[in-house]
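In what follows, a single structure is set out as structure tokens and then discussed.
The values are calculated or read from the model by the stated rules, or taken from the named source; none is laboratory data. As the structure is a prediction and not an experimental result, all values here were calculated from the model. Counting neighbours? That spans all protein chains shown, and the Cβs are built from the backbone with ideal geometry, glycine included. Please note that ligands, DNA and RNA were not included when accessible areas were found on the heavy atoms of the full protein model with its side chains. Shrake-Rupley method; radii C 1.70, N 1.55, O 1.52, S 1.80 Å.
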Amino acid sequence: MKFFLDTANIEEIKKANDWGLLDGVTTNPTLVAKTGKPFLKVAEEIIKILGPERPVSLEVVATDYNGMVNQARELAKLGPNVAVKIPMTPEGIKAVKTLTKEGIKTNVTLVFSPMQALLAAKAGATYVSPFVGRLDDISMEGMKLIEEIVAIYSAYGFTTKIIVASVRHPEHVRQAALLGADIATVPFGVLEKLFKHPLTDIGLERFLKDWNSLPEDFKPKFLK
Ligand code: G3P
């Protein structure tokens with residue numbers, strides 16, 4: 001399973017990249033607004049860090065077909081790794097069809113039902129982003145949606161990649177992995193939490209304490 005970071009924060013992207021755990025980045029207008037920086041500055045910096053191979057999702061803000069297609073073409077010019085986020089609407093799906101024909105990668109966003117995911121795949125979307133956390137927020141089962149999309153895509157051999165989005169905690173990531181989702185896009189805080197286990201901390205402390213109790217001349221120089 002690939003890990004994307006769901007952020008427009010450059011420091012967070014650099015840290016995840018340093019850990020060697022960054023397969024891509026997803027942004028949205030809210031995340032870009034949070035940075036307090038101009039859109040192009042943020043987008044270009046992220047694209048540069050990720051290089052030509054790893055995808056960066058950038059979202060259109062038009063809601064009509066022509067507007068979305070024109071904005072997507074401009075966004076795609078920013079780099080070969082740009083995937084254009086298009087909202088899940090009839091106009092959006094029509095735009096995805098056109099953009100797919102032009103070879104522009106798309107990520108259908110704001111997906112909350114298996115039927116919406118089916119439409120995105122039929123339009124040829126490169127990625128689909130079901131929002132699990134926002135479903136949980138309204139007492140629906142976000143991960144059930146992922147289970148159903150995985151089943152539908154596998155039944156028909158759709159190649160659209162599933163990005164589990166609106167991830168709120170490590171449990172979402174665990175379930176996404178068990179269900180065979182292609183990608184989880186996670187906020188930086190969730191990525192940090194994935195490392196953590198209290199027994200790891202306790203175990204490491206114990207190993208070091210026991211090692212340090214050895215006489216100094218028992219330890220080779222390179223293990224001091
Ligand atoms: O980027 C789309 C999605 O991951 C947003 O998450 O936490 O705002 O529901 P959230």
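State the dimensionless ratio Rg/Rh of region 1-43 (Rg: radius of gyration of Cα atoms; Rh: Kirkwood radius).
Taking Rh as the inverse mean 1/r over Cα pairs, Rg/Rh reads 0.98.
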>> Explain nothing, just compute: Karplus ³J(HN,Hα) = 6.51 cos²θ - 1.76 cosθ + 1.60, θ = phi - 60°, for every residue of region 143-149 in order, whole Hz, x for Gly and Pro.
In response: 6, 5, 4, 5, 4, 6, 5
>> Tell me the mean residue ellipticity at 222 nm calculated for the chain from its helices only (DSSP H runs of n ≥ 4, each -39500 (n - 2.57), averaged over every residue, nearest 500).
In response: -15000 deg cm²/dmol
> Taking amide hydrogens as modeled 1.01 Å from N in the peptide plane, which residues meet the under 5 Å criterion relative to T106, leaving out close sequence neighbours?
Replying inline: V84, T126, Y127
>> For region 135-219, compute the orientation-averaged projected area of the C-alpha convex hull (one quarter of its surface), in nm².
In response: 8.6 nm²
> Where nothing but the Cβ of Lys and Arg (+1) and of Asp and Glu (-1) is charged, how large is the charge dipole of region 18-122 around its Cα centre, in debye to the nearest 20?
Replying inline: 160 debye
> Taking a 22 Å limit on the Cα-Cα distance, which of the listed pairs K41/K77; K161/K193; K37/K193; K15/K221; K77/K97 fall beyond it?
Replying inline: K161/K193; K37/K193; K15/K221
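In what sequence, highest mean first, do 184-197, 205-218 appear when ranked by Cβ atoms within 10 angstrom? Numbers along the way, then the final one.
On the way: 184-197: 17.2, 205-218: 8.9.
Going by the mean number of other Cβ atoms within 10 Å, highest first, we get 184-197, 205-218.
With the full set of protein chains in place, find how many percent of the accessible area of the chain is carbon and sulfur; take the probe as 1.4 Å.
Looking at the chain in its full context, I get 58 percent from C and S.
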> Under 12 Å from the Cα of K34, which aspartates and glutamates turn up, not counting those fewer than eight places away in the same chain?
Replying inline: none
> Rg and Dmax of the chain, Cα atoms, in Å?
Replying inline: 20.6, 75
>> Less than 12 Å apart at the alpha-carbon level, and either on another chain or at least 8 residues along: which aspartates and glutamates does that give for K144?
In response: D136
> What would the Debye formula give as log10 I(q)/I(0) at q = 0.18, 0.24 Å⁻¹ for the alpha-carbon point model of region 20-114, no solvent?
Replying inline: -0.79, -1.29
>> Just to be sure I understand the model, the point goes 7 Å from the Cα along the line to the Cβ. What's the resulting I138 to D18 distance in nm?
In response: 4.0 nm
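Could you tell me the calculated FRET efficiency between E44 and L208, based on Cβ-Cβ distance and R0 = 35 angstrom, to the nearest 0.05? Each step should come with its number before you reach the end.
On the way: r = 44 Å, r/R0 = 1.24.
Efficiency for this residue pair is about 0.20.
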>> Cross-link candidates for K105: which aspartates and glutamates have Cα within less than 20 Å, leaving aside residues fewer than 8 places away along the same chain?
In response: D6, D23, E44, E45, E53, E59, D64, E74, E91, D182
> Over region 1-91, what is the relative contact order in whole percent, taking alpha-carbon pairs under 8 Å and six or more residues apart?
Replying inline: 25 percent
> Which whole-Hz ³J(HN,Hα) couplings does region 185-194 yield from phi under the Karplus relation 6.51 cos²θ - 1.76 cosθ + 1.60, θ = phi - 60°, glycine and proline marked x?
Replying inline: 9, 10, x, 4, x, 6, 4, 4, 5, 5
>> Could you work out the relative contact order of region 93-224? I mean the mean sequence separation of Cα pairs under 8 Å and 6+ apart, divided by the number of residues, in percent.
In response: 18 percent
> Two-decimal Rg/Rh of region 170-224 from alpha-carbon positions, Kirkwood Rh?
Replying inline: 1.27
> Taking the alpha-carbon set of region 87-175, what are its Rg and Dmax in Å?
Replying inline: 12.7, 39
>> Counting heavy atoms of the protein chains only and a 1.4 Å probe, report the per residue accessible area for the chain as a whole number of Å².
In response: 54 Å²
